[in-house]
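K.L.:
One structure, pasted below without further comment.
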Amino acid sequence: MTKKAWLYLGTFGFLLAGFYIALMATTDFAKEKLPVLSTVRPFTFQRQDRQMISGKNVSGKVYIAEYFFTTCKGICPKMNKNMKAVYEELKKEPDFMILSHTVDPETDSVARLQHYADSMGASIQNWWFLTGTKESLYKTARESYLLDNQENSSKNISDQFIHTQFFALVDRNGQVRGIYDGLKQEEIQQLIVDTRLLLKDK
């Protein structure tokens, strides 16, 4: 190969490397990897410490939303054991939160939710247990977090009961970026990875 050919090859390689570096610097990989599934609609619920909170209180945060009930003997203990593992892994992240909504507000008073939160070792700083009207809780689960089939809303509200094992991951802009099976270890691990990814996205 001639000296001129080597020069052309070297120049091409330099330009290719520069293009790759520029691409890496300008691509938002968190947004590329995780699709936007829905946008969380405005909500207002009561926290375990009796304080009223809304979507404004989690603005700019990355959070995981779930639905459970304190008297559940089936999937909920397994789900929240896995959620506790996620919490322990990420609780030192200042912009990370968990929002655990009850599906049984008639039973799960704020006092009961506080007791449950204490049993989970949850700090009020970043793990909230929420209650409200059944209608508003279920509407948020279906329309915002996509954690239940919206067709189920056609029934009378008193006859409805959400019992889902899925968690929703929400980014800083209030957009749902992933749904994860709270009973599967591989999905729990992926949830941790994806949450860290979103936390890096300022």
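The values are calculated or read from the model by the stated rules, or taken from the named source; none is laboratory data. Quick caveat, the model's predicted, so the values are computed rather than measured. Using ideal geometry, Cβ is built from the backbone for each residue, glycine included, and neighbour counts are taken over all protein chains shown.
K.L.:
When region 30-45 is examined, which residues are found to be modelled with pLDDT under 95 and more than 17 Å from Leu191 (Cβ to Cβ)?
P.N.:
Lys31, Glu32 - these are the residues of region 30-45 that are modelled with pLDDT under 95 and more than 17 Å from Leu191 (Cβ to Cβ).
K.L.:
Of everything in region 139-153, what is at negative phi and either at pLDDT 95 or above or of a type in the set (Phe, Trp, Tyr) (or both)? Give them in sequence order.
P.N.:
Lys139, Thr140, Ala141, Arg142, Glu143, Ser144, Tyr145, Leu147
K.L.:
(1) farther than 19 Å from Thr195 by Cα; (2) in contact with a helix residue (DSSP H, G or I) (Cβ under 7 Å, 6 or more places away or on another chain): which one isn't true of Cys72, the others all being true?
P.N.:
For Cys72, the failing item is (2).
K.L.:
In addition: Between Met79, Met97, which is under 22 Å from the mean Cα position of the chain (by Cα), in a strand (DSSP E or B) and modelled with pLDDT of 95 or more?
P.N.:
Met97
K.L.:
Could you please let me know if Ser154 is out of contact with any strand residue (DSSP E or B) (no Cβ under 9 Å at 6 or more places or on another chain), polar (S, T, N, Q) and either assigned by TED's automatic domain parsing to the domain that holds Asn57 or surrounded by 14 or more Cβ atoms within 10 Å (Cβ to Cβ) (or both)?
P.N.:
When the stated conditions are applied, Ser154 passes them.
K.L.:
Among the residues of region 167-184, write down those that are free of Cβ contacts under 8 Å to residues at least 40 places away in the same chain and surrounded by 17 or more Cβ atoms within 10 Å (Cβ to Cβ).
P.N.:
Matches in region 167-184: Tyr180, Asp181.
K.L.:
Kindly establish whether Gln160 is under 24 Å from Leu137 (Cα atoms), without any contact (Cβ under 8 Å) to a residue 40 or more places away in the chain and exposed (fewer than 15 other Cβ atoms within 10 Å of the Cβ).
P.N.:
no
K.L.:
Still on this model: Look at Leu90 and say whether it is in contact with a Ser or Thr (Cβ under 7 Å, 6 or more places away or on another chain), over 15 Å from Gln46 (Cβ atoms), surrounded by 14 or more Cβ atoms within 10 Å (Cβ to Cβ) and modelled with pLDDT of 95 or more.
P.N.:
yes
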